[in-house]
Every structure is written in structure tokens, then in C-alpha cells.
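Following: one structure in C-alpha cells, then a few remarks.
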Amino acid sequence: MLVPNDADWNERIKDVAKTKLSALLASGVREIGYVYDMGDNWQHRIIVDKLKAAEPGALYPQFLGGERRCPPEDCGGMPGYYEFLNNIASKQDKKRKTVLDWYGGPYDADEIGEQQIIIALSHIGNTKRRSR
């Protein structure tokens, strides 16, 4: 993917489908940045604190922990997310109901959904094991 007339941006774009995390780590990369959803511009930074050998018999990838639920899809970036949270906390029932109807149910920013993450990661691991 190239962005016309933007040399700086184009230099940062890598073919992520062909880039292996192990190759990045072997080359000394310990910090990875990416933007999710170009419209909402969610900027992420992944920092590798420590590398260790895989444990024999362990299934990977593994969920080691996390905090806070991700913002809803297409909520309008940071400003829209803060508005969403304010509306959920609103004492005005109509405002709260409207935003929760838009979201599709209850939303707890502190509930990460750990079980859903573990299930999703297990599907990735199962796909890798089947394709070997």
C-alpha cells in the first residue's frame, strides 16, 4: 500500500503479511508501532520487555494479562470514545440508553473480556498447528 506524494509515510509501510515477528525481534526491534482504523486513528505501541525460550508442550500464543476493554468500533477516535464513556455515565436515562443501544448492549470499560481473548488466541494457535 502506498500513499501518493507522501515519502515519509511510504517508508514506514511494510508488507506485514510477509513480515514475521521473529524476524523483527531477531533484528533487534523491541518497539513496534501501528495505526488501527485509519479513520479513527487508533495509535498503538507494542514494547517487548523480555524474550524467553518457548516452553516445551505449551500452546502459543498465550494471553498473559491486560487491562480495560477496547473502545467500540467506529466510535469516532479518542474524542468519540470519551463522549461515549460520558454518555454511559450520564444520569440522563435517554442519553445512556441511546448510546448503549448504538453499542448493542452493556459496556464496562474495566471488563477486558479475558475469556473471549483466550478463546480467540486458541483459534489462532489451532490454525497454526493445522497448517504445519
Per the rule of 0.36 nm per residue minus the C-alpha distance, extending Ile118 to Glu31 adds in nm 28.9 nm
If R0 is 25 Å, what FRET efficiency do you get for Asp74 and Lys97 from their C-beta distance, rounded to 0.05? 0.80
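Where a ≥ b ≥ c are the square roots of the eigenvalues of the C-alpha gyration tensor, would you call the stretch 36-100 rounded, which needs a/c under 1.5, or, failing that, prolate if a/b is larger than b/c, or oblate?
prolate
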Amide hydrogen neighbours beyond the local backbone of Ile112, cut-off 5 Å, H modeled: Arg68
Please give the peptides 110-119, 43-52 ranked by average Cβ packing (other Cβ atoms within 10 Å per residue), highest first, as a rough proxy for protection. 110-119, 43-52
Once phi for every residue in the stretch 65-79 is put through the Karplus expression 6.51 cos²θ - 1.76 cosθ + 1.60 (θ = phi - 60°), the whole-Hz ³J(HN,Hα) values, with Gly and Pro written as x, are x, x, 8, 6, 6, 6, x, x, 4, 6, 8, x, x, 4, x
Taking the highest mean first, how do the peptides 68-80, 17-29 order by number of other beta carbon atoms within 10 angstrom per residue? 68-80, 17-29
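Every number in this text was worked out from the coordinates using simple rules, so none of it is lab data. This structure is a prediction, so every number in the text was calculated from the model and none was measured. Methodologically, a virtual Cβ is constructed for each residue, glycine included, from the backbone with ideal geometry; neighbour enumeration extends over all protein chains shown.
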